[in-house]
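Working notes for the structure below.
The values are calculated or read from the model by the stated rules, or taken from the named source; none is laboratory data. Everything numeric in this text was worked out from a predicted model, so none of it was measured. Cβ placement follows ideal geometry from the backbone for every residue including glycine, while neighbour counts extend to all protein chains displayed.
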Ligand SMILES: NC(=O)c1ccc[n+]([C@@H]2O[C@H](COP(=O)([O-])OP(=O)(O)OC[C@H]3O[C@@H](n4cnc5c(N)ncnc54)[C@H](OP(=O)(O)O)[C@@H]3O)[C@@H](O)[C@H]2O)c1
């Protein structure tokens with residue numbers, strides 16, 4: 001399907017993941033298919049979308065997020081930056097054959113993400129470290145056993161080695177990437193009691 005699309009359109013911009021080339025998986029496979037078929041392609045390799053934090057939308061307003069690896073530090077990117085990068089790659093010349101590492105402007109630990117969300121929502125919120133075995137069961141039910149193990153492995157690494165911070169967003173957009181705090185401010189409604197699930 002990817003190859004059929006690649007043959008039909010002039011430019012392909014693919015929302016991929018950091019490490020796609022090394023770790024392969026779905027993202028690596030799609031990248032290879034795009035390279036084979038598209039006349040012009042650009043890859044946006046994201047470390048992590050800040051929208052992942054929406055998983056805590058029903059917890060932040062209760063003041064506690066119970067999850068594993070609070071010390072894991074991530075360079076989460078605002079979806080507006082991903083969209084803006086995609087527009088530039090589709091509209092401007094000079095992005096064909098480029099793979100951008102798309103990140104936020106800094107790394108923020110999961111513990112601090114919760115604190116920042118609480119500050120922006122106006123309800124103090126804190127991280128509560130969840131035992132790994134309990135987290136693995138919960139995560140496996142949500143995303144399947146194999147992906148749950150991959151996520152846990154990623155977080156384990158990010159405790160000691162924070163995710164990379166790239167200047168690619170700033171270079172392409174001509175302004176700094178949006179911070180996690182800006183993302184939180186834009187999403188206050190998603191974390192307030194009347195909008196979040198009970
Ligand atoms: N999350 C990350 O940190 C991360 C990192 C690297 C790359 N990515 C990539 O970024 C993309 C979005 O990630 P995500 O975490 O936001 O995924 P997600 O939460 O699973 O959201 C996927 C979105 O795609 C929609 N969708 C799924 N199948 C569709 C279909 N056949 N036709 C139209 N829409 C469809 C879903 O709509 P419904 O809600 O209606 O089902 C949903 O809005 C994915 O391609 C992912 O591989 C994400």
**OP:** Exactly one condition in (1) touching a residue at least 12 places away in the same chain (Cβ under 8 Å); (2) farther than 25 Å from residue 173 by Cβ; (3) exposed (fewer than 13 other Cβ atoms within 10 Å of the Cβ) is not met by residue 67; state its number.
**Re:** (3)
Original post:
Mind checking which residues of region 70-87 are more than 13 Å from the ligand (Cβ to nearest atom) and surrounded by fewer than 17 Cβ atoms within 10 Å (Cβ to Cβ)?
Top reply: 71, 80, 87
Original post:
residue 161 versus (1) touching a strand residue (DSSP E or B) at 6+ places or on another chain (Cβ under 8 Å); (2) loosely packed, with under 13 Cβ neighbours inside 10 Å; (3) at pLDDT below 95: which is the lone unmet condition?
Top reply: (1)
Subject >> Any chance residue 115 is under 23 Å from residue 17 (Cβ atoms), at pLDDT 95 or above and either part of a helix (DSSP H, G or I) or under 16 Å from the mean Cα position of the chain (by Cα) (or both) >> reply: no
Original post:
Listed residues 96, 71; which is more than 16 Å from the chain's Cα centre (by Cα) and within 19 Å of residue 151 (Cα to Cα)?
Top reply: 71
**OP:** State the number of residues belonging to region 32-54 that are without any contact (Cβ under 8 Å) to a residue 40 or more places away in the chain, more than 9 Å from the ligand (Cβ to nearest atom) and part of a helix (DSSP H, G or I).
**Re:** 6
Original post:
Does residue 155 meet the test of being surrounded by 15 or more Cβ atoms within 10 Å (Cβ to Cβ) and within 16 Å of the ligand (Cβ to nearest atom)?
Top reply: yes
